[in-house]
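Colleague: Starting off with a structure, shown below.
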Amino acid sequence: MKINRMVMVKKVLISGGILVTSAFLMTTNVAVSKSVAVSPKSERITLSKSMRYPNGITHDKNGALYIGSVVSGDILQISENGQQDIIFKETDDVFAATSLRYDPLTDILWVASPDYLGVTDEAGNVTRRPNRIAAIELSSRQLIKIWFIPDGGFGNDIALDTKGGIYVTDSIKDRVYHLSSKSSEFMVLLESELFTPGRLGPAGIALLPNDDLIIGLYSDGGLVRVAQSNDGSGSEIHQLKLTRALENPDGLYPLSDGRLLVLEGAPKSGDGRLSLIDLNTQPPYLVQTLVNGIESPLNLTLKGNELFITESRFRHILLNDVQMAVPQAFFLRKVDLNTLTQKR
């Protein structure tokens with residue numbers, strides 16, 4: 001049954017041209033809304049016209065932001081003074097940047113690159129290149145190396161491991177990989193039945209201060225926690241009990257005090273949200289909505305107390321609704337966490 005499930009997911013997702021988020025059709029029952037009011041708790045930053053359907057986001061040690069796209073391998077830099085420049089141009093090896101994580105230990109900008117658009121030949125046939133992870137040396141802006149996701153899987157999101165490596169979720173093979181360095185190869189860290197309830201499995205991933213991993217299950221609306229052993233004896237994994245199901249958890253970001261920020265993509269309802277879960281409390285963990293009305297939020301990065309969220313605005317693509325307007329502008333959401341996440 002697992003093989004059949006994965007084959008069905010591939011057919012649905014690839015035929016639609018969007019791989020990561022088409023599985024919302026099997027999510028929690030939430031009514032579709034025509035429009036959702038923009039939350040006053042955040043502000044929008046308009047992106048350069050060269051950046052469409054933003055997704056991956058990270059920042060460097062000097063405070064510059066880096067934004068990637070669902071449909072292009074170009075990477076946009078927003079400097080501290082607000083200037084926007086493309087600092088890496090799309091190549092034959094990097095054609096999207098759906099997850100970005102910069103590691104100051106290694107000066108590597110890690111990039112998840114799935115081929116959403118594909119290559120169209122003269123006859124109109126579309127071929128999609130293997131999904132891959134890329135390493136870019138940020139100081140030189142040079143591509144160092146690429147790794148194909150094993151077994152034709154889909155590398156959805158990336159988390160740094162604090163030692164120069166990364167963790168990567170595979171949403172259709174129901175795995176979590178570990179890449180220990182730029183000179184290593186992928187190791188399967190986890191395969192679990194907890195990853196298989198919905199149509200699209202592991203998506204967002206975050207490393208907590210105690211080295212536990214939190215992984216979002218996109219279609220199922222749940223979170224799992226992974227306690228990694230130090231003696232090599234394996235990992236303990238369990239699903240977290242929440243006060244409500246999440247509406248398509250995507251980007252995750254851990255706070256230093258053990259609380260967790262969660263983006264709910266919510267393509268069905270259209271009410272994308274930034275939510276907070278305090279993992280220091282007792283289950284069931286309260287899911288607290290901080291900001292709502294975000295149009296297809298995908299990923300996030302925290303710079304000091306300022307949180308930046310990519311607002312992809314591709315709900316019309318996910319719903320395949322020709323009546324919905326095609327966006328002419330794209331944004332980041334900026335949120336000041338000082339006022340929103342203070343403990344009461």
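The values are calculated or read from the model by the stated rules, or taken from the named source; none is laboratory data. None of the values given here were measured: they were computed from a predicted structure. Note that each Cβ is placed from the backbone with ideal geometry, even for glycine, and that neighbours are counted across all protein chains shown. Surface areas here come from the heavy atoms of the whole protein model, side chains and all, with no ligands, DNA or RNA. Shrake-Rupley method; radii C 1.70, N 1.55, O 1.52, S 1.80 Å.
Colleague: (1) open to solvent by less than 10 Å² (accessible area, probe 1.4 Å); (2) on the phi < 0 side of the Ramachandran plot: which one isn't true of GLY164, the others all being true?
Modeller: (2)
Colleague: Being buried (at least 21 other Cβ atoms within 10 Å of the Cβ) and over 22 Å from ALA112 (Cα atoms) is the filter here; which residues of segment 199-220 pass it? First the steps, then the outcome.
Modeller: First, pick out the residues of segment 199-220 that are buried (at least 21 other Cβ atoms within 10 Å of the Cβ): 199-206, 213-220.
Within segment 199-220, ASP220 is the sole residue that qualifies.
Colleague: State yes or no: is ILE215 outside any loop (DSSP other than H, G, I, E, B) and over 20 Å from the mean Cα position of the chain (by Cα)?
Modeller: On the way: outside any loop (DSSP other than H, G, I, E, B): yes; over 20 Å from the mean Cα position of the chain (by Cα): no.
No: the conditions fail for ILE215.
Colleague: Filter segment 309-332 down to the residues that are part of a loop (DSSP other than H, G, I, E, B) and among the charged types (D, E, K, R), then identify the one that is modelled with the highest pLDDT. Can you show your working first?
Modeller: Here is the first cut: in segment 309-332, the residues part of a loop (DSSP other than H, G, I, E, B) are 312-314, 320-330.
When the remaining residues are screened for being among the charged types (D, E, K, R), the result is 313, 321.
On the way: ARG313: 89, ASP321: 62.
Here the answer is ARG313.
Colleague: Let me ask you something else. Could you list, in sequence order, the residues of segment 98-108 that are under 14 Å from LEU65 (Cα atoms) and in a loop (DSSP other than H, G, I, E, B)?
Modeller: The one that is under 14 Å from LEU65 (Cα atoms) and in a loop (DSSP other than H, G, I, E, B): PRO104.
Colleague: So which of SER219, SER184, SER171 is polar (S, T, N, Q) and in contact with a strand residue (DSSP E or B) (Cβ under 7 Å, 6 or more places away or on another chain)? Give the derivation first.
Modeller: On the way: SER219 fails: in contact with a strand residue (DSSP E or B) (Cβ under 7 Å, 6 or more places away or on another chain); SER184 fails: in contact with a strand residue (DSSP E or B) (Cβ under 7 Å, 6 or more places away or on another chain).
None of the other options fit; the residue is SER171.
Colleague: Only one of SER269, SER229 is surrounded by 14 or more Cβ atoms within 10 Å (Cβ to Cβ) and not basic (Lys, Arg); which?
Modeller: Working: SER229 fails: surrounded by 14 or more Cβ atoms within 10 Å (Cβ to Cβ).
Of the residues listed, the single one that is surrounded by 14 or more Cβ atoms within 10 Å (Cβ to Cβ) and not basic (Lys, Arg) is SER269.
Colleague: Residues being under 18 Å from ILE237 (Cα atoms) and of a type in the set (S, T, N, Q): count how many of those fall in segment 150-201.
Modeller: Counting residues in segment 150-201 that are under 18 Å from ILE237 (Cα atoms) and of a type in the set (S, T, N, Q) gives 4.
Colleague: Report, by residue number, each residue of segment 114-128 that is open to solvent by 70 Å² or more (accessible area, probe 1.4 Å) and under 21 Å from the mean Cα position of the chain (by Cα).
Modeller: Those that are open to solvent by 70 Å² or more (accessible area, probe 1.4 Å) and under 21 Å from the mean Cα position of the chain (by Cα): LEU117, ARG128.
Colleague: Still on this model: GLY63 - would you say it is in contact (Cβ under 8 Å) with a residue 12 or more places away in the chain and part of a loop (DSSP other than H, G, I, E, B)?
Modeller: Values: in contact (Cβ under 8 Å) with a residue 12 or more places away in the chain: yes; part of a loop (DSSP other than H, G, I, E, B): yes.
Criteria met by GLY63.
Colleague: Within segment 163-177, can you find the residues that are under 14 Å from ALA112 (Cα atoms), outside any loop (DSSP other than H, G, I, E, B) and not hydrophobic (A, V, I, L, M, F, W, C)?
Modeller: Correct list: TYR167, THR169, ASP170, TYR177.
Colleague: Then there is this: Looking at this structure, is PHE154 more than 18 Å from THR98 (Cα to Cα), touching a strand residue (DSSP E or B) at 6+ places or on another chain (Cβ under 9 Å), buried (at least 16 other Cβ atoms within 10 Å of the Cβ) and not β-branched (Val, Ile, Thr)?
Modeller: On the way: more than 18 Å from THR98 (Cα to Cα): no; touching a strand residue (DSSP E or B) at 6+ places or on another chain (Cβ under 9 Å): yes; buried (at least 16 other Cβ atoms within 10 Å of the Cβ): yes; not β-branched (Val, Ile, Thr): yes.
So PHE154 does not fit the description; no.
Colleague: Go through (1) farther than 22 Å from LEU298 by Cα; (2) of a type outside the set (S, T, N, Q); (3) in contact with a Ser or Thr (Cβ under 6 Å, 6 or more places away or on another chain); (4) open to solvent by less than 50 Å² (accessible area, probe 1.4 Å) for LEU100 and report which single condition fails.
Modeller: With (1) farther than 22 Å from LEU298 by Cα; (2) of a type outside the set (S, T, N, Q); (3) in contact with a Ser or Thr (Cβ under 6 Å, 6 or more places away or on another chain); (4) open to solvent by less than 50 Å² (accessible area, probe 1.4 Å) applied to LEU100, the lone miss is (1).
Colleague: Looking only at segment 52-62, count how many residues are open to solvent by less than 10 Å² (accessible area, probe 1.4 Å) and more than 24 Å from ILE205 (Cβ to Cβ).
Modeller: Qualifying residue count for the region: 0.
Colleague: Specify which of the listed residues (VAL94, VAL111) is in contact with a Ser or Thr (Cβ under 9 Å, 6 or more places away or on another chain), in a loop (DSSP other than H, G, I, E, B), in contact (Cβ under 8 Å) with a residue 40 or more places away in the chain and open to solvent by less than 70 Å² (accessible area, probe 1.4 Å).
Modeller: Numbers: VAL111 fails: in a loop (DSSP other than H, G, I, E, B).
Result: VAL94 is the single residue among VAL94, VAL111 that is in contact with a Ser or Thr (Cβ under 9 Å, 6 or more places away or on another chain), in a loop (DSSP other than H, G, I, E, B), in contact (Cβ under 8 Å) with a residue 40 or more places away in the chain and open to solvent by less than 70 Å² (accessible area, probe 1.4 Å).
Colleague: Return yes when LYS145 is in a loop (DSSP other than H, G, I, E, B), touching a residue at least 12 places away in the same chain (Cβ under 8 Å) and open to solvent by 10 Å² or more (accessible area, probe 1.4 Å) and no when it is not.
Modeller: On the way: in a loop (DSSP other than H, G, I, E, B): no; touching a residue at least 12 places away in the same chain (Cβ under 8 Å): yes; open to solvent by 10 Å² or more (accessible area, probe 1.4 Å): yes.
It is false that LYS145 is in a loop (DSSP other than H, G, I, E, B), touching a residue at least 12 places away in the same chain (Cβ under 8 Å) and open to solvent by 10 Å² or more (accessible area, probe 1.4 Å).
Colleague: For segment 239-264, how many residues meet the condition of being open to solvent by 10 Å² or more (accessible area, probe 1.4 Å) and over 20 Å from ASP161 (Cα atoms)?
Modeller: Total satisfying the criteria: 7.
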